[in-house]
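The values are calculated or read from the model by the stated rules, or taken from the named source; none is laboratory data. All values derive from a computational prediction rather than experimental measurement. Using ideal geometry, Cβ is built from the backbone for each residue, glycine included, and neighbour counts are taken over all protein chains shown.
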Amino acid sequence: MRFLKRLALILSLVMVTSIFAACSKNSNKEAESSKKTAQNENKKDKDHENTQEQASDDVDSLEELSDNLYDYEILLDNKLYTLPTHISEFTENGWKSEDLNMIEFVPQLHKSVTLSKGNKTISVTMVNLNTDMQPYSKCLVTGVYLYPLNDEEYPELFISKGITIGSTYNEVIEAYGTPSIKTDYSDLISYKSDDYSEYNISFKDGKIDMISVNNAVANTDILDLVKNYKAPTSLADDLLSFQVKLDGTLYKLPIPIQELQKNGWKAKLDPDTIIPARSHAYEVELTKNNQTLRVPVMNYSIYGAPLKYCFVNGIIYSDPDCIVSFELPKGITTESTLDQVLAAYGEPSSKEFSQEYASLVYKDKSDNTHLIQIEFEKGKLSYVAYIYTPEVLK
């Protein structure tokens, strides 16, 4: 029962999220449209046959298009884009949608939006990586999808090495090599560099009739947020300073994983594991000298980032599972008594007492960014959750 209460409190503060949903493969194209007309097939053939003539008009842009497929660069309607990118990059180049001015995106949500430019249309995948509702102007485009229907006018879309609608299967294989995914029962092939970064290309009669590009990128460079972290020089008295002395070293929550690694702590989870943008990896175990500590971790970047560049949002101590030296503001340690905690921090916002058990919770009900819970069993401090999860780091 106590475990469930603890879990409910923590989960009310720290929610497990996964922002990057697997993109649809769109392999069932028959459900999307009727069979393409012969007129459309002839149009695509002519478009591809004239690629060299088109290239002469756009030679500078085509030359700038990366030969590395996994740079996720595209040339759309004579303009270069690198995915992911802000939607403003598209709107500034004339792409519009009547829905955009009315749309507010739910946090962590992917949404397919149709953009138009004159008579041309294209589908893009947009995502709100913030924790609040956001207008489209603050969202990112992570994917582009082109599947022309019938004889409609469509924009020129080139991917690496000039592959486009109408390119042949052999040209694709020559350009990119063996696909990451290819089956005998489907006309769809995929090239993947990560779980959320891939190209899907489908064929009809040996020629491309659909291109989908998606790149929910992970930033593997050290984040400025990590570089800018400064540890305190002394332990404050204010419980809401979120300062803690852990195994003799002073920290301020949230703490960069890298900072803990410098002081000998190691994550059981691979430090290169990618944590989705603006999301938690609850919980991660840290070990040092046979000590084990459970900590909630958050990636504050707007992109996916390795665990080693994420932040610890709290310290969870549970005796006897966790034998580790720590000190909270006003000198509270594992040796402190119930009376000492009450004297240091005052009356809690909520409490529970029984003959051999006491639980104190210090939490501002109007502020969902923090939780301090301290428990005693048979007069001995047995559990501490000291958690701080600001929406953004300053």
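Among the residues of region 143-152, not a single one is farther than 22 Å from THR82 by Cβ, among the β-branched types (Val, Ile, Thr), surrounded by 13 or more Cβ atoms within 10 Å (Cβ to Cβ) and modelled with pLDDT of 90 or more.
Put simply, of SER336, SER301 the only residue that is surrounded by 14 or more Cβ atoms within 10 Å (Cβ to Cβ), under 30 Å from LEU140 (Cα atoms) and among the small types (Gly, Ala, Ser) is SER301.
Would you point out which residue out of GLU352, GLU377, GLU356, GLU327 is within 36 Å of the chain's Cα centre (by Cα) and either assigned by TED's automatic domain parsing to the domain that holds THR249 or of a type outside the set (Gly, Ala, Ser) (or both)? Step through it out loud before you land on a result.
Working: GLU352 fails: within 36 Å of the chain's Cα centre (by Cα); GLU377 fails: within 36 Å of the chain's Cα centre (by Cα); GLU356 fails: within 36 Å of the chain's Cα centre (by Cα).
Every option except GLU327 fails the conditions.
There is at least one residue in region 214-231 that is surrounded by 21 or more Cβ atoms within 10 Å (Cβ to Cβ), at pLDDT 90 or above and over 19 Å from ILE387 (Cβ atoms). LYS266 satisfies every condition listed in (1) in contact with a Leu (Cβ under 9 Å, 6 or more places away or on another chain); (2) surrounded by 19 or more Cβ atoms within 10 Å (Cβ to Cβ); (3) under 22 Å from TYR229 (Cβ atoms); (4) not small (Gly, Ala, Ser) except (2). Checking region 356-367 against the condition returns a match, with at least one residue being of a type in the set (A, V, I, L, M, F, W, C) and either buried (at least 18 other Cβ atoms within 10 Å of the Cβ) or under 30 Å from ALA216 (Cα atoms) (or both). Restricting attention to region 234-293, the residues that are on the phi > 0 side of the Ramachandran plot and of a type outside the set (A, V, I, L, M, F, W, C) add up to 6.
Looking at the structure I just gave you, is SER197 surrounded by 15 or more Cβ atoms within 10 Å (Cβ to Cβ) and modelled with pLDDT of 95 or more? Answer is no for this residue. Tell me whether region 231-243 contains one or more residues that are in the same structural domain as GLY346 (by TED's automatic domain parsing) and under 26 Å from CYS139 (Cα atoms). No. Checked against the criterion of being outside the structural domain of TYR81 (by TED's automatic domain parsing), of a type in the set (S, T, N, Q) and at negative phi, the candidates ASN200, ASN228, ASN170 yield just one match: ASN228.
Scanning region 143-154 finds one or more residues that are closer than 24 Å to GLU92 by Cα, among the aliphatic types (A, V, I, L, M) and assigned by TED's automatic domain parsing to the domain that holds LYS117. Just so you know, in region 99-113 the residues that are surrounded by 13 or more Cβ atoms within 10 Å (Cβ to Cβ) and part of a strand (DSSP E or B) include one that is modelled with the highest pLDDT, and it is VAL113.
Determine whether ALA267 is modelled with pLDDT under 80 and under 22 Å from the mean Cα position of the chain (by Cα).
Values: modelled with pLDDT under 80: no; under 22 Å from the mean Cα position of the chain (by Cα): yes.
When the stated conditions are applied, ALA267 does not pass them.
Here ASN170 meets each of (1) surrounded by fewer than 18 Cβ atoms within 10 Å (Cβ to Cβ); (2) modelled with pLDDT of 80 or more; (3) within 30 Å of the chain's Cα centre (by Cα) with one exception, condition (3).
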